[in-house]
1. Which value, in debye to the nearest 20, gives the size of the charge dipole of the range 49-156 about its Cα centre, when Lys and Arg are +1 and Asp and Glu are -1 at the Cβ?
2. Most exposed first by the Cβ proxy, i.e. fewest other Cβ within 10 Å, how do ARG147, ARG44 rank?
3. I want to make sure I understand the PRE zone here: with the label point 7 angstrom from the Cα of LYS116 toward its beta carbon, which residues in the range 68-83 have backbone N atoms less than 19 Å away?
4. Given 0.36 nm per residue, what is the gain on full extension from SER103 to ASP13 after removing their alpha carbon distance, in nm?
5. Considering the chain, what Rg and Dmax in Å follow from its alpha-carbon atoms?
6. Could you give me the ³J(HN,Hα) list for the range 136-146, computed from phi with Karplus coefficients 6.51, -1.76, 1.60 and θ = phi - 60°, whole Hz, x at Gly and Pro?
7. If I build a Gaussian network model for the chain, linking alpha-carbon pairs within less than 10 angstrom, which residue out of GLU47, GLU14, GLU162 has the largest mean-square fluctuation?
8. Test of understanding: in a Gaussian network model of the chain with alpha carbons linked when under 10 Å, which of ALA137, ALA40, ALA99 would top the mean-square fluctuation ranking?
Amino acid sequence: MSQKKSKIQKSKDELEASFVFPVKLSQQHKKEAALLLAEARKKRRQEASDKDKLISGLLSLRFQLEDYINGNTFNPDLSFGYFLSEYVSLLEKKRKVFAEEISIDETLLSQLINLKRDPPDYVTVRLELHSNRAIPADYWYRLVEKRREHFIRTDKSIRKKEKQFVQNKLNVHIS
């Protein structure tokens, strides 16, 4: 609908209510507004139920995970172990209890968190099921693949090592 039609069909009060007009605030007013907003957010967080906090935390973790796996950059700090540790912390459970809930040994959980071992496929599926599909198995899997992809792209020593096994390489260059 064009703005002319919009103005004709709405009263002055409706128009005023439907638009937000920019207001210039002084530094003092900006600080006061920021404090009021912070207080309102704090109050809202305190009033939130445990279930609401869990949902909020899961969504935050999922969005952070999505952003990372869909992005083009590799960050060694954002590993499978990091996100798994964050997930367990979010649940506010001891590692032993969580390991029992997904039927794995606590040692395996520790190895996964500390990046001593890559997760078997069944672990990624169990994580999906445990989160009630809030974080899909393929997200967990893609975290591992992102690390492996970075390794393949950047590790020059593997190319030197494997070069001896290649014969009759193509005599063409494609850029």
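1. Taking the Cα centre of the range 49-156 as origin, the dipole is about 180 debye.
2. On the way: ARG147 19, ARG44 10.
Sorted ascending by nearby Cβ count, the order is ARG44, ARG147.
3. Answer for the range 68-83: 79-83.
4. Working it through step by step, the gained length comes to 26.3 nm.
5. Cα only, the chain: 25.7, 80 Å (Rg, Dmax).
6. x, 4, 5, 5, 4, 5, 5, 4, 5, 5, 5
7. Fluctuation is largest for GLU14.
8. ALA40
Bear in mind these aren't lab numbers, they're just calculated from the coordinates by the rules spelled out. In this text, all values refer to a predicted model and were calculated from it rather than measured experimentally. Virtual Cβ from ideal backbone geometry, glycine too; neighbours counted across all protein chains shown.
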